[in-house]
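This report refers to the structure that appears directly beneath it.
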Amino acid sequence: MLRSSISIPSNIAEGSEKNSIPDFQRFINIAKGSAAELRTQVYISREIHLFSDKDSKNLLNELKSISKMLQALHDSLKNRKP
């Protein structure tokens, strides 16, 4: 879970330093994949009782929000010139 959570901002940072919008978008997609991976790990953690229902719900809501923000960032780049 730690690796997945660190991967999200790390991929955003790496992509922002690329010299092309398509590369940045690719890294945003990788970050979204890490967020999906982390959501899955939260679901599993709840099922095996590592997280309470309340804590897992809060984390899942945060991760869904992060995924929406990443998608909005990705979409905003479509209108930018290289």
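Values in this text are rule-based calculations from the coordinates and carry no lab data. Treat the numbers as computed from the prediction; the structure is a model and nothing was measured. In this analysis, Cβ positions are derived from the backbone assuming ideal geometry, glycine residues included, and neighbour counts consider all displayed protein chains.
Annotations for the structure displayed:
- For the peptides 4-14, 23-33, residues were scored by their other Cβ atoms within 10 Å and the scores averaged per peptide; the highest-first order is 23-33, 4-14.
- Using Cβ point charges alone (K and R +1, D and E -1), the dipole size of the range 39-82 about the Cα centre works out to roughly 340 debye.
- Sequence-separation-based contact order of the range 2-77, relative, with Cα cut under 8 Å and 6+ spacing, percent: 32
- Crossing angle, helix 2-16 versus the chain [Cα axis fit, 0-90 degrees, rounded to tens]: 10
- Bins of 5 Å from zero: percent of alpha-carbon pairs in the chain: 3, 16, 24, 21, 14, 9, 7, 4, 2, 0
- Taking the C-alpha atoms only, the angle from helix 21-47 to the longest principal axis of the chain is near 0 degrees.
- Rounded to the nearest 10 degrees, the angle from helix 53-77 to the longest Cα principal axis of the chain is 10 degrees.
- Dipole moment magnitude, nearest 20 debye, the range 6-47 about Cα centre, only Lys, Arg, Asp, Glu C-beta charged: 120
- Taking the Cα centre of the chain as reference, the dipole from Cβ charges on Lys and Arg (+1) and Asp and Glu (-1) amounts to some 280 debye.
- Residue among L2, Q71, T40 farthest towards the positive dipole end of the chain, charges placed on Cβ: Q71
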